[in-house]
1. List the residue pairs whose Cβ atoms are under 8 Å apart, where the first residue sits in segment 273-287 and is in contact (Cβ under 8 Å) with a residue 60 or more places away in the chain and within 15 Å of Ile122 (Cβ to Cβ), the second is in a helix (DSSP H, G or I) and of a type in the set (Val, Ile, Thr), and the two are 6 or more positions apart or on different chains.
2. Could you tell me which numbered condition Leu88 fails, if it satisfies all but one of (1) among the aliphatic types (A, V, I, L, M); (2) open to solvent by less than 40 Å² (accessible area, probe 1.4 Å); (3) at pLDDT below 90; (4) farther than 25 Å from Phe214 by Cβ?
3. Anything in segment 1-28 that is within 14 Å of Arg50 (Cα to Cα) and open to solvent by 50 Å² or more (accessible area, probe 1.4 Å)? List them, or say none.
4. Considering only residues of segment 217-229 that are open to solvent by 70 Å² or more (accessible area, probe 1.4 Å) and in contact with a strand residue (DSSP E or B) (Cβ under 9 Å, 6 or more places away or on another chain), which is farthest from Lys108 (Cα to Cα)?
5. Can you give me the ranges of the helices (runs of 4 or more DSSP H) entirely in segment 1-82 with at least 1 residues that are in contact (Cβ under 8 Å) with a residue 60 or more places away in the chain?
6. Being closer than 19 Å to Val170 by Cβ, buried (at least 19 other Cβ atoms within 10 Å of the Cβ) and free of Cβ contacts under 8 Å to residues at least 60 places away in the same chain, is that true of even one residue in segment 234-242?
7. Every residue in segment 257-273 that is among the β-branched types (Val, Ile, Thr) and surrounded by fewer than 19 Cβ atoms within 10 Å (Cβ to Cβ), please.
8. Picking from Phe259, Phe199, Phe214, Phe181, which residue would you name as being among the hydrophobic types (A, V, I, L, M, F, W, C) and closer than 30 Å to Gly135 by Cα?
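The values are calculated or read from the model by the stated rules, or taken from the named source; none is laboratory data. Treat the numbers as computed from the prediction; the structure is a model and nothing was measured. When we count neighbours, we look across all protein chains shown, and the Cβ atoms used for this are built from the backbone with ideal geometry, even at glycine. Note: accessible area is taken over every heavy atom of the protein model, side chains too, but ligands, DNA and RNA are not part of it. Shrake-Rupley method; radii C 1.70, N 1.55, O 1.52, S 1.80 Å.
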Amino acid sequence: MDVRQVEYFVAVANKRNFTKAASMLHISQPSLSKAIKNLETQLGVTLFYRGGKQIELTDAGEAFLSNAKPFMEAYDNLTTELYDVVQLKKGQIKIGIPPIIGATFFSKLISKYKAAHPSFHIELNEVGSNLIQYGVKEGELDVGLICNLPVEKHHFSTINLLKDPLMVVVQTEHPLGAKKFVELSDLKNEKFVLYQEDFSLHDRIVEACRNYGFEPNTVCKSSQRDFMIEMVEAKLGIALLPSKICQQLLHHDVTTIPFKHPIIHLELALIWKRNKYLPYAVREFIAIAKEFTS
């Protein structure tokens with residue numbers, strides 16, 4: 001048995017599909033199937049049920065997976081640390097960032113990091129906060145900027161970067177546009193343009209509305225703030241956006257209204273996996289993020 005066989009097994013176990021795992025590993029499906037079959041022969045057990053549309057782990061496969069994951073993490077830590085020792089001035093970092101953040105919150109931080117390390121390769125993945133937490137936990141991302149804590153503290157280390165209250169965004173002619181302040185109860189009969197479910201702000205808004213005795217009447221869900229604003233301009237409904245984004249809407253046909261008693265905030269935090277070796281590029285990004293907040 002070698003490390004590559006274990007890597008192949010973990011990929012198939014995660015994807016539950018040989019074709020998808022082979023694509024991720026950049027090898028042919030027959031080569032992957034042969035490698036797994038050789039591994040099963042060496043171990044003297046069957047690791048996967050292959051009868052249905054989606055393969056499943058056998059009991060032996062489950063046992064092997066529970067040991068294979070920490071083994072691969074230890075191997076990755078070893079090889080990454082050795083690489084750092086040999087070649088500190090080069091590096092790459094994979095960052096997860098929610099679409100709602102965009103340049104408004106992120107550009108200054110990434111610019112400062114890039115200026116300090118121009119040779120580093122930065123890979124940005126734009127997905128919702130819930131998927132970012134999963135990606136960091138599974139090692140698919142090095143760090144993630146997520147909206148709205150809490151996170152699983154035993155899995156992640158965190159830096160709190162921002163706490164920004166949400167404001168109500170309405171089309172200019174909307175009756176609420178004449179108000180200086182609003183309460184959440186004022187929105188009971190409104191139609192909502194909401195974030196998609198994989199955004200933690202979606203859950204926060206729905207939970208807050210329920211605490212005020214109503215279910216938000218959702219007419220549209222999106223992961224893109226520009227689309228949400230366009231839907232408000234089209235009088236499809238209202239939206240709740242962070243105040244820093246609302247400050248940039250001067251040229252849109254919308255009005256923004258603060259809450260008299262803000263109860264929903266965009267809480268932006270940087271997370272990385274706890275108890276994992278951090279490559280030099282990642283350590284530098286975290287250090288600059290700490291300087292940025294101070």
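1. Pro279/Thr80
2. So Leu88 meets the others, but not (2).
3. Lys15, Arg16, Thr19
4. Within segment 217-229, the first condition is being open to solvent by 70 Å² or more (accessible area, probe 1.4 Å), and the residues that meet it are 217, 221, 224, 226-227.
Remaining after also requiring in contact with a strand residue (DSSP E or B) (Cβ under 9 Å, 6 or more places away or on another chain): 217, 221, 227.
Numbers: Asn217: 36, Lys221: 28, Phe227: 24 Å.
In this case the residue turns out to be Asn217.
5. Result: 3-15.
6. Yes, some residue in segment 234-242 is closer than 19 Å to Val170 by Cβ, buried (at least 19 other Cβ atoms within 10 Å of the Cβ) and free of Cβ contacts under 8 Å to residues at least 60 places away in the same chain.
7. Within segment 257-273, the subset among the β-branched types (Val, Ile, Thr) is 257, 263-264, 271.
Passing the criteria: only Ile263.
8. Criteria check complete, one pass: Phe199.
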